[in-house]
Amino acid sequence: MATQKAFYFDASACNGCKACMIACKSKNALPVGVNFRRVLQYGGGAWVPDPEYPDFLQPSGLFAYSLSVACMHCQNAPCVNICPAKAIEKRDDGIVLVDEDKCIGCHYCEWACPYGAPQFDADKGTMIKCDFCVDLIDQGEAPYCVASCPMRALDFGELDELRAKYGTVSAVAPLPPADLTDPAFVMTPHRDAQPVGQGTGRIYDDEV
């Protein structure tokens, strides 16, 4: 494959506003319960009694950060490999697409994806997912989520160029290990980000 389109996300700049999520949902006219892009609110810690004044609580290890995630258009995409109808393929630029004319709605891709990217559209009877806004990409424009972010926490481009510019981090808790699928994703972690598989927090909210 000559190229690989990828997303970049700056967790240190994201304020969790979900503008990217709402813009994506609007552009794609997604039904209730289906979100191509999700903003995960992840955090942990506790409030504990003050040693001198037990009636008062003080923070203990509190942390929180947001993660904007969508289909990772993985270089080793399990959805492509498992689809029995051959309805999912990678373009020459690495973007993973679902051919709804071929899709039989078997859910195999959904079960195989560690990011939960493919989702079932009950009205169509097929699986649907983020297509990287190929209609805009092919016109030389930015994906809708990238263009809508007021904090400019999202970017896109060639994976190699993004890694050269931003580094090679592609996962923090609560995301799955990057070596599962080799995602086309680069991120700048939040200062409180926890390592994959070692997170002590939980996801508070990812719906809109």
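Just so it is clear, none of the values below were taken in a lab; they were calculated from the coordinates. Every value quoted in this text rests on a predicted model; they were computed, and no experiment measured them. Quick reminder, even Gly has a Cβ in these numbers, built from the backbone with ideal geometry, and neighbours come from all protein chains shown.
Details
- Amide H contacts of Thr126 (H built 1.01 Å from N, under 5 Å, at least 5 apart or other chain): Asp121
- Eligible aspartates and glutamates near Lys102 by straight Cα distance, threshold 14 Å, same-chain separation 8 or greater: Glu89
- Under 19 Å of direct C-alpha separation, and excluding same-chain neighbours fewer than eight residues apart, Lys5 reaches these lysines: Lys90, Lys129, Lys165.
- Length-normalised contact order of the range 1-96 in % [C-alpha pairs under 8 Å, at least 6 apart]: 34
- Where labels lie 7 Å past Cα in the beta-carbon direction, separation of Trp111 and Met151 in nm: 3.7
- Solution diffusion estimate, µm²/s, Stokes-Einstein, the range 6-126, Kirkwood Rh from C-alpha pairs, 25 °C, viscosity 0.890 mPa s: 143
- The residue among Val48, Ile82, Gly16 whose Cα reaches farthest toward the positive pole of the charge dipole of the range 8-95, with charges on the beta-carbon of Lys, Arg, Asp and Glu, is Ile82.
- The chain - charge dipole about Cα centre, Lys and Arg +1 at Cβ, Asp and Glu -1, debye rounded to 20: 80
- Gained length - Lys27 relative to Gln41, 0.36 nm times residue gap less alpha-carbon distance: 2.8 nm
- Considering only Ile104, Thr126, Gly116, and ranking their Cα positions along the charge dipole of the range 90-135 that arises from unit charges at the beta-carbon of Lys, Arg, Asp and Glu, the one farthest toward the positive end is Gly116.
- Listed residues Phe63, Phe156, Phe36, most fluctuating in the chain (Gaussian network, C-alpha, under 10 Å): Phe63
- Neighbours of Leu154, meaning other residues whose beta-carbon lies under 11 angstrom from its beta-carbon, give a summed charge of 0 when Lys and Arg score +1 and Asp and Glu score -1.
- In the chain, the DSSP-assigned H stretches of four residues or longer account for a calculated mean residue ellipticity at 222 nm of -4000 deg cm²/dmol, using -39500 (n - 2.57) per stretch and the full residue count as denominator.
- Stretch gain in nm, segment Thr3-Cys17, where the contour uses 0.36 nm per residue and the Cα spacing is subtracted: 1.9 nm
- Loop sites here are GluC sites (Glu not before Pro) outside DSSP states H, G, I, E and B with no more than 13 other Cβ atoms within 10 Å. The longest part of the chain free of them is 53-140.
- About its Cα centre, the range 89-208 has a charge dipole of approximately 540 debye under the convention of +1 per Lys or Arg Cβ and -1 per Asp or Glu Cβ, with nothing else charged.
- Extension gain (nm, one decimal) between Asp205 and Leu62, 0.36 nm per residue minus Cα-Cα: 49.8 nm
- A Gaussian network model of the chain, with springs between Cα atoms under 10 Å, assigns the largest mean-square fluctuation among Gly44, Gly105, Gly33 to Gly33.
- Of all the options Ser60, Ser148, Ser12, the one that moves most in a Gaussian network model of the chain with Cα springs shorter than 10 angstrom is Ser60.
- Loop-located trypsin sites (Lys or Arg not before Pro) in the range 72-127 (DSSP state other than H, G, I, E, B) with a sparse environment of at most 14 neighbouring Cβ atoms within 10 Å: Lys86, Lys102, Lys124.
- Average silhouette area of the chain, convex hull of alpha-carbon atoms, in square nanometres: 13.2
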